[in-house]
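Encoded as structure tokens, the structure appears first; notes follow it.
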Amino acid sequence: MEVTLKHQPSYALAVIKIAPNEVVRVEPGAMVSHSAGMIPETKAEGGFFGGLKRMAAGESFFQNTWTAPANGGEMSLAPSLPGDMIVIPVTEDFYLASGAYVASEQSVKVDASWGGQKGFFGGGGLILLKVTGSGKLLASCYGAIEERELRAGEEYIVDTGHIVGFDVTIGFKVEKSGGWKSTILGGEGLVCKLTGPGRVLIQSRSEEAFVGWLIPKLPTRSS
């Protein structure tokens, strides 16, 4: 799977070249176009309960796989929200925010049932998925991607709604942003304290903040 990213950072499009008979996993709804001969298959990996676990973690019940024909193939992919995408070479475990997954090589596994024990709900819409295996992972964000490399022991605070993912070497803890007054009235909510070493990926926009801005502007029956 060879990935070329275009039209970054506002409306990123991923064009992937797929080797002969290669199988790739693609998030339902992410496919924009593909060459002739690509064979799709949709199923609930892990059966019915595996699908339910993915739904509980904010992912799709079903998963799509695409198999290239004998002469190879091409697909173009895009996330639901406007923003950027990034190719992450997975060589060790990586924590990815739910909703950021777009596609991956078949050798990469995304565990939607993990997160502490069953699921990590950090508030602010943060649910972490555990990515394992070895291969290429295509992830998306809302807005642009900002990257931070933390030194060993270095602490960094990120709003939970802005986290895209981070290395397994990063320690993390969800806590209030200041006191309860600041948390509730100041609009900051919960934050995640990250401790290095490792890389942190941050998105420049928050879906939750956008929804909070949009809802008061929607027309009501009385208006």
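What follows is calculated from the coordinates using simple rules that are stated; it is not laboratory data. Predicted, not measured: the structure shown is a model, and the values here were computed from it. Cβ placement follows ideal geometry from the backbone for every residue including glycine, while neighbour counts extend to all protein chains displayed.
Quick check: residue separation of residue 209 and residue 148 times 0.36 nm, minus the Cα distance between them. What number comes out in nm?
Full-extension gain reported as 19.8 nm.
Let's test the formula: R0 of 25 Å, r as the Cβ-Cβ distance of residue 43 and residue 175. What FRET efficiency results, to the nearest 0.05?
0.05
Distance check, please: which entries in 173/217; 130/193; 43/130; 130/176; 43/217 exceed 27 angstrom between their Cα atoms?
173/217; 43/217
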